[in-house]
Structure formats: structure tokens, C-alpha cells
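J.: Handing you this structure, nothing more for now.
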Amino acid sequence: QVQLVESGGGLVQAGGSLRLSCAASGRTFSRYAMGWFRQAPGKEREFVASIRWSGGNIYYADSVNGRFTISRDNAKNTVYLQMNSLKPDDTAVYYCAAGALGYGSRWSSTNYWGQGTQVTVSS
């Protein structure tokens, strides 16, 4: 069993930065790939970034590639999402997920979700 708790969301102006953290409980954290997803009002939840348990095979959505950086610290049971050059379109609830990667290191399945943290980017 893994429990995920996100933090670090907030209100920021366009062009600013935020760093999200996801703290995981459970001794099996390091076995899972970790991902970040987001959901804007009226839209479906979408993939943002993922990272393999080893810290490799990092993958980003095209919309955030070059602006966001995912990383993990297995010793601290924590995964991070550094978000730079934020845009109003990045406004959403951001969710942390633990799951598995499939073909081409793409996100395949989700075993656990966090409760989400709100990110609001003003223009």
C-alpha cells in the first residue's frame, strides 16, 4: 500500500516557478514508476511527466517539455516536479501517481493517486 500526499501548489504569475512535492508512505515506493498528471476545470485529467523507479526513463508531455523537470529521491520517498516559465494554461489541479511504465517508457497504469494540489497561474 502506498499513500501519496502532494504539496507546493499555489498562485503564481505567468513566467514564474513552483516546485511540487509528493511524499509517499509505504516501503514499496521505490518499486513504482512515479508520474504527475493535471486536470483543468472542465477537462479530462492529462499526463504531465513520469520517471522510472531508478530515476531514468523520464518522459514529458509536449506541452511542458523544456519547462518542467521531474525528479525523485527514493531515500526520502519523494518525487518532485519543478515547473518553470509557467503559463496560464498550466492552471490545474496537479496529481501525483504511482504506477507502471509500458512500451516506450510511456505511462501504462496507475496503482495509486494523491489527493491533488491546486496550481493557478495568473496572466
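J.: Among the residues of the range 64-84 satisfying the criterion of being out of contact with any helix residue (DSSP H, G or I) (no Cβ under 8 Å at 6 or more places or on another chain) and of a type in the set (S, T, N, Q), which is least open to solvent (accessible area, probe 1.4 Å)? Working first, answer last.
T.: Of all residues in the range 64-84, those out of contact with any helix residue (DSSP H, G or I) (no Cβ under 8 Å at 6 or more places or on another chain) come to 65-73, 75-76, 78-82, 84.
Remaining after also requiring of a type in the set (S, T, N, Q): 65, 69, 71, 78, 82, 84.
Details: Asn65: 98, Thr69: 71, Ser71: 47, Thr78: 17, Gln82: 59, Asn84: 57 Å².
Checking each candidate, the answer is Thr78.
J.: Being without any contact (Cβ under 8 Å) to a residue 40 or more places away in the chain, open to solvent by 20 Å² or more (accessible area, probe 1.4 Å) and either within 16 Å of Cys22 (Cβ to Cβ) or not polar (S, T, N, Q) (or both) is the filter here; which residues of the range 44-57 pass it?
T.: Glu44, Glu46, Trp53, Gly55, Gly56
J.: Sticking with this structure for a sec: For the range 28-43, enumerate the residues that are open to solvent by less than 70 Å² (accessible area, probe 1.4 Å), assigned to a loop (DSSP other than H, G, I, E, B) and not hydrophobic (A, V, I, L, M, F, W, C).
T.: Thr28, Tyr32, listed by residue number.
J.: Please state which of the following conditions Ser63 fails to meet, knowing it meets all the rest: (1) part of a loop (DSSP other than H, G, I, E, B); (2) among the polar types (S, T, N, Q); (3) within 20 Å of Gln3 (Cβ to Cβ).
T.: Looking at each condition in turn, Ser63 falls short on (3).
J.: Something else: Give Tyr103, Tyr112 a once-over and let me know the one that is farther than 15 Å from Tyr32 by Cα, open to solvent by 20 Å² or more (accessible area, probe 1.4 Å) and not hydrophobic (A, V, I, L, M, F, W, C).
T.: Details: Tyr112 fails: farther than 15 Å from Tyr32 by Cα.
From the options Tyr103, Tyr112, the qualifying one is Tyr103.
The values are calculated or read from the model by the stated rules, or taken from the named source; none is laboratory data. Predicted model, so just to flag it, every value in this text is computed and none were measured. No Cβ is skipped: glycine too gets one built from the backbone with ideal geometry, and neighbour counts run over all protein chains shown. Side chains are part of the model used for accessible areas, which takes the heavy atoms of the whole protein and leaves out ligands, DNA and RNA. Shrake-Rupley method; radii C 1.70, N 1.55, O 1.52, S 1.80 Å.
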